[in-house]
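Down below is the structure, laid out as structure tokens.
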Amino acid sequence: MSSSDLDLEKQRSTPKPPGVPLDSRVDTLQIPPIDSPYNRSSFADELTVVESNGSHRNENGDADLVDAPGEPKLDEKTEHNPFLVKWDGPDDPENPKNWSAAYRWYITAIAGLLVLNATFASSAPAGVLGQLIPEFHLSHTLAVLTISLFVAGYCVGPLLWGPLSEQFGRKPILLVAFFVYTGFQVGSALAPNTASVLIFRFLGGTFAASPLTTSGGMIADVWNADVRGKALAFFTLAPFAGPAIGPIVGGYIDVGGASWRWLFWVLTMFAAVCFFLILFTVPETYAPIIQKKKAARMRKETGDQRYFSELEAQDMHWKQRMETVLGRPFKVLFMEPMLIAITLYMSFVYGCIYLLFEAYPIVYTIGHNLNAGESGLMFLPLFLGGVVGVIIYLIYFNPLYEAQIPKYAPRMVPPEQRLLPAFYGGPLLVISFLWFGWTSYSNLSLWAPLLSGLPMGISVVFIFLALFNYIIDAYLMVAASALASSTVVRSAFGAGFPLFSTQMYEKLNSRWASTLLAGLALLMLPIPFVLYRYGAKIRRTSRYAPTFD
């Protein structure tokens, strides 16, 4: 018997601490690097066998898919340390993926509600601009900053809340962010002048961005890959519902004769309700934090201070951590041509959604003489189109993707298969803007431009679901950085587009302004087709995107 066999036999005969597999050389529960919330994305906390040849294979037999270039990993000695606390097998009740389906759907619903809160607050002032302008003697552009600055806060938030949630957990970060966010809503309601309104809106947006980064992580924390796509499809409705509902509520507060300050009191109450829901009903879902608490509990129960979690094993200098948090998202973006293209397309679409907050009043309030509340109702088809888009995705596109899994087993389905919805979403977006623009004559029924919101909503959902899932699948363990940079750029477009949309629609008129947007959408339409055809080749030259062949 060789010395290595003697060592292995001795290892098997030695009692192991709870939670450690019998043979840590061949049966190790891996946790993806803590820097990536999309452990959280595709491979979170799944049972992984590390074979003696060093290859990785998860419980579905997918080999060599876990590692991604440039990511920190535990050294082999630490990885095989018998005091490293992990799950007690695949059925460990502490693992969020083993909680009851009803409880996980509740968590998914709460995650969506938190995002709905943030996006609702971003667009709600659109309905009360008519009161803000005379009270504070604002120009229209300055009044629009109440929307743009809130969305600009989304540029800062993702760089903070996502990484912080990976160090301290989802729940503490959400609690702190929503507590402060609620306070800034109170500040907006009591604001005595223009500067205070604008400052509170920007700071409110920064803290409201917390669920935009952590809620998606919560969903990935509790669902395995087979259900995660469906959960994310439902979750996608939340960012759609918020911007659509906001102008309706704000508009009817204005029409009802209530002060604009009541809008911010409504936002305050909504934020407070969410805060207490998080406090009393939402558990911690992030696996490394749960395992960290488990390690602390085992140290206390046994008196043995050698127990530790993977998160505690990471020893990163603060300078390195700051570089990772603030620098790497943009490093990934600028070094990845396909990520630049995807981000540009998603940002344009996102900016167009916020541009409509200025375009719709020109067409419906001025052109069709609707009041602020009725003009807000014009956003409902956009939301209903989003609902239809999600239903079509679940009924048609998701089964198509699932049918590819046996074909590529035991390997992962190539990310390019996620792009199919965008093939339809791109042309629909072009058609929608042409439809909206060239039916916006005031002598035509308002139903003509109104119904253009349905295909527009469908197109936006198709484009976002396709490209969002493509980023996650293509970048795997650096998806956190890829998504963070994409979110920042996208939010910048969302903040900037409303600032010039009124001038554009007034000078070009609604027909030619919408045609210009349709032309830009047409220029970006080939992006998913090019990625579908050449994506695999591009990924072979990528520093961050692993290949699948």
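Quick notes on this one:
- Which numbered condition Tyr505 misses (of (1) among the hydroxyl-bearing types (Ser, Thr, Tyr); (2) touching a residue at least 12 places away in the same chain (Cβ under 8 Å); (3) under 30 Å from Ala409 (Cβ atoms); (4) in a helix (DSSP H, G or I)): (3)
- Residues (outside any helix (DSSP H, G or I), over 27 Å from Gln291 (Cα atoms) and touching a residue at least 24 places away in the same chain (Cβ under 8 Å)) located in the stretch 192-226: Asn193
- Hits in the stretch 443-487 (condition: of a type in the set (Gly, Ala, Ser), modelled with pLDDT under 90 and in contact with a Gly (Cβ under 9 Å, 6 or more places away or on another chain)): Ala474, Ala480, Ala484
Condition check ((1) under 23 Å from Ala482 (Cα atoms); (2) in contact with a Pro (Cβ under 7 Å, 6 or more places away or on another chain); (3) open to solvent by 10 Å² or more (accessible area, probe 1.4 Å)) across all residues:
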| position | (1), (2), (3) |
| --- | --- |
| Gly157 | yes, no, no |
| Leu160 | yes, no, yes |
| Arg170 | yes, no, no |
| Tyr181 | no, no, no |
| Gln185 | no, no, no |
| Leu190 | no, no, yes |
| Ser196 | no, no, yes |
| Arg201 | no, no, no |
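- Any chance Ile538 is open to solvent by less than 40 Å² (accessible area, probe 1.4 Å) and part of a helix (DSSP H, G or I): no
- Pairs linking a residue in the stretch 409-434 that is acidic (Asp, Glu) to a residue that is part of a helix (DSSP H, G or I), with Cβ atoms under 6 Å and 6 or more positions apart or on different chains, are Glu416/Tyr532; Glu416/Gly535.
- Verdict on Glu358 being in contact with a Ser or Thr (Cβ under 7 Å, 6 or more places away or on another chain), open to solvent by less than 30 Å² (accessible area, probe 1.4 Å) and of a type in the set (D, E, K, R): yes
- Residues that are assigned to a helix (DSSP H, G or I) and under 28 Å from Ser123 (Cα atoms) within the stretch 281-304 comprise just one, Thr281.
- Leu267 meets each of the listed conditions (1) closer than 24 Å to Tyr103 by Cα; (2) at pLDDT 90 or above apart from (1).
- The condition (being touching a helix residue (DSSP H, G or I) at 6+ places or on another chain (Cβ under 7 Å), buried (at least 21 other Cβ atoms within 10 Å of the Cβ) and not in a helix (DSSP H, G or I)) is satisfied by just one residue among Ser491, Ser440, Ser485: Ser440.
- Pick from the stretch 335-355, criterion more than 19 Å from Phe529 (Cβ to Cβ) and of a type in the set (Phe, Trp, Tyr), ranking: least open to solvent (accessible area, probe 1.4 Å): Tyr354
- Among the residues of the stretch 406-422, those that are part of a helix (DSSP H, G or I) and loosely packed, with under 15 Cβ neighbours inside 10 Å comprise Pro406, Lys407, Tyr408.
- Hey, Leu428 open to solvent by 20 Å² or more (accessible area, probe 1.4 Å), over 22 Å from Cys155 (Cβ atoms) and over 19 Å from the mean Cα position of the chain (by Cα) or not: yes
- Condition check for Ala545: outside any helix (DSSP H, G or I) and surrounded by 24 or more Cβ atoms within 10 Å (Cβ to Cβ): yes
One line per residue, one yes/no per condition, for (1) over 28 Å from Pro243 (Cβ atoms); (2) within 24 Å of the chain's Cα centre (by Cα); (3) surrounded by 14 or more Cβ atoms within 10 Å (Cβ to Cβ):
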| residue | (1), (2), (3) |
| --- | --- |
| Trp265 | no, no, yes |
| Phe276 | no, yes, no |
| Thr281 | no, yes, no |
| Glu284 | yes, yes, yes |
| Lys294 | yes, no, yes |
| Arg297 | yes, no, no |
| Lys300 | yes, no, no |
| Gly303 | yes, no, no |
| Ala313 | yes, no, yes |
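- Subset of the stretch 401-453 that is of a type in the set (S, T, N, Q) and in contact with a Pro (Cβ under 9 Å, 6 or more places away or on another chain) - its residue that is farthest from Ser375 (Cα to Cα): Gln404
- Annotation: of all residues in the stretch 91-126 being outside any helix (DSSP H, G or I) and in contact with a helix residue (DSSP H, G or I) (Cβ under 8 Å, 6 or more places away or on another chain), the one that is most open to solvent (accessible area, probe 1.4 Å) is Asp91.
- Scan of the stretch 389-420 for residues that are among the basic types (Lys, Arg) and more than 17 Å from Ile472 (Cα to Cα), ordered by number: Lys407
The values are calculated or read from the model by the stated rules, or taken from the named source; none is laboratory data. It should be emphasised that the depicted structure is a prediction, and the values quoted were computed from it without experimental measurement. All Cβ positions, even for glycine, are placed from backbone atoms using ideal geometry, and neighbour counts span all protein chains on display. Remember, those area values only see protein heavy atoms, side chains included, never the ligands or the DNA or RNA. Shrake-Rupley method; radii C 1.70, N 1.55, O 1.52, S 1.80 Å.
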